[in-house]
Amino acid sequence: MHAMKHLPKIKPSYLKKILSDKELYAAAAVEVRRQIWEDNQALFGDEASPLFSQYISDRENIIFNPESEHKTLYDMSPKARRHSTIVQKLSDMIGKSIKLYDMVLQFLRTLFLRTRNVHYCTLRSELLMSLHDLDIHEICSVDPCHKFAWCLDPCIREKFIDSKRAPELQRFLDGLKKQEQVLGDLSMILCDPHAINTICLTILKSLQQTIHAESLPRENGDVLLLLRLLSLGLQAWDIIDSQIFRQQKIEPNLLTNFLPLLSCLMLDDQYRNLNSRMASEEESTSNTHIMRDIPMALIQYANGCAIASKILLYYTLQVPY
């Protein structure tokens, strides 16, 4: 059995014999099992399913368990996350098999559609980058999302999309017109909470730059790209469910009304905090805890726009009240 793992192609009759005998199957190396799994999707699904469940459980434990070693979901670096036991086991099960990789992606799409759980999107990204780290060129070279995920990965690590990587992401999005079906997998990668977190934080920093430059958000070239990325991520489930692979245009009001209003709110909050620091210690203590009302126009716009809602949520969670 040990010698069989070195055979690039095992005769089907031998594989059937191993599959029919539970002891032989249990003793078979993962290299041998891969050849069995390639022609038995149901069996491969049975082997991978517990790993998917454990992955989701581990992620939810970080979020909901106050005794977790990680304070937030975003504490771990991308490289540390994809070196987790579950991701490494799945990478080992896939090996260099494009067929098994495609099966895993189909499983993740199905589970995402069935549950709407965005952690399956995280696993899709982590698995691709894990295979990248292992130099599995056979798979990375055929996954059309590889270069995009590779470019986005350092941005997620730094929680910021800089002016050097933004044009690379822009070129990739602009080149999707001839291969729109890639949009489904690409939207899953952008639906990863770590990607959404990075995009939203970058949008807020870009708005700060427009405030300092005394310019409008629509005059900042990076803002439109970030809105496109955020839009794709938030539409991932709808794109995969409807099988309509098309990028939706950004609503003009988002750039001309919502973001300028949010910039005004950010400026007002900065002014209020500055006044609090300049006031006496007693006054500062009382003013710091005064909650500033969010303008109703912002709330109304956010209620009807998922992009605006997400950006406003991120800002209100960050601002010191």
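The values are calculated or read from the model by the stated rules, or taken from the named source; none is laboratory data. As the structure is a computational prediction, the values presented were derived from the model and not from experiment. Cβ coordinates were reconstructed from backbone atoms using ideal geometry, including for glycine residues, and neighbour counts include every protein chain displayed. All accessible areas refer to the heavy atoms of the entire protein, side chains included, with ligands and DNA or RNA removed. Shrake-Rupley method; radii C 1.70, N 1.55, O 1.52, S 1.80 Å.
Report in % the part of the accessible area of the chain that belongs to carbon and sulfur, leaving out ligands and nucleic acids; probe 1.4 Å.
Looking at the chain in its full context, I get 53 percent from C and S.
Output needed: percent of Cα pairs per 5 Å distance bin for region 160-201, bins running from 0 to the one holding the longest distance.
Percent of pairs per bin, in order: 5, 20, 24, 29, 17, 5, 0.
Got the relative contact order for region 107-153 handy, in percent, Cα pairs under 8 Å and 6 or more residues apart?
Worked out over region 107-153, it gives 27 percent.
Where does the chain land at 222 nm, in deg cm²/dmol rounded to the nearest 500, when only DSSP H runs of n ≥ 4 count, each adding -39500 (n - 2.57), divided by all residues?
The helix contribution divided over the chain gives -21000 deg cm²/dmol.
Mind giving me the nanometre distance, one decimal, between the label points for ASP21 and ALA279, set 7 Å out from Cα along Cα→Cβ?
Calculated label separation equals 8.2 nm.
Going down the table (LYS11/LYS89; LYS16/LYS89; LYS71/LYS96), which pairs top 31 Å between alpha carbons?
Beyond 31 Å: LYS71/LYS96.
With a ≥ b ≥ c taken as the square roots of the eigenvalues of the C-alpha gyration tensor of region 39-191, please select rounded if a/c is under 1.5 and otherwise prolate if a/b is larger than b/c or oblate if it is not?
oblate
Under the definition of Cα pairs under 8 Å and six or more residues apart, what whole-number percent is the relative contact order of region 61-166?
Once divided by the residue count of region 61-166, the mean separation gives 24 percent.
Taking Cβ-Cβ under 4.7 Å as the only way to count a partner, pick out the unpartnered cysteines of the chain.
For the chain, the answer is CYS140, CYS145, CYS151, CYS155, CYS200, CYS264, CYS305, because their Cβ atoms have no other cysteine Cβ under 4.7 Å.
Are there trypsin sites (Lys or Arg not before Pro) in region 1-93 that DSSP marks as loop and that have at most 13 other Cβ atoms within 10 Å, and which are they?
LYS9, LYS71
At 1.4 Å probe size, with every protein chain present, just tell me what the per residue accessible area of the chain comes to in Å².
I get 54 Å² per residue for this part.
For MET296, what accessible surface area do you get with a 1.4 Å probe? Give it in Å², rounded to 10.
MET296 has an accessible surface of roughly 120 Å² with all protein chains in place.
Which translational diffusion coefficient, to the nearest whole µm²/s, is obtained for the chain from the Stokes-Einstein equation, given a Kirkwood hydrodynamic radius over C-alpha pairs, 4 °C and 1.567 mPa s?
Diffusion coefficient, whole number: 58 µm²/s.
Once both labels are modelled 7 Å past Cα along the beta-carbon direction, what's the ASP46-ILE211 spacing in nm?
About 5.8 nm separates the two model spin labels.
Using only the Cα atoms of region 223-267, what semi-axes does the equivalent ellipsoid have when each is the square root of 5 times a gyration tensor eigenvalue? Give whole Å, largest first.
Gyration-tensor ellipsoid for region 223-267: 26, 10, 8 Å.
So how much slack lies between GLN243 and ASP102, counting 0.36 nm per residue of separation and subtracting their Cα-Cα distance, in nm?
Difference between extended and current length: 49.0 nm.
Give me the number: length gained by fully extending LYS11 to ASP174, i.e. 0.36 nm times residue separation minus the C-alpha to C-alpha distance, one decimal in nm.
Extra length from LYS11 to ASP174 when fully extended: 54.1 nm.
Given an 8 Å cut-off on Cα distances and at least 6 residues of separation, report the relative contact order of the chain as a percent.
It rounds to 12 percent for the chain.
What is the Cα convex hull volume of region 141-252 when expressed per residue in Å³?
In region 141-252, the Cα hull volume divided by residue count equals 100 Å³.
Compute the distance in nm between two label points, each set 7 Å from the Cα along the Cα-to-Cβ direction, one at TYR74 and one at TYR271.
So the two model labels end up 2.8 nm from each other.
At 0.36 nm per residue, minus the direct Cα-Cα distance, what do HIS83 and ILE62 gain on full extension? Give it in nm, one decimal, please.
5.9 nm
From zero up to wherever the largest Cα-Cα distance of region 1-57 sits, split into 5 Å bins and tell me the percent of pairs in each.
Each 5 Å bin holds this share of Cα pairs: 4, 18, 28, 23, 13, 8, 4, 1.
Return the ratio Rg/(2.2 N^0.38 Å) for region 51-124, where Rg is computed over Cα atoms only.
That ratio works out to 1.16.
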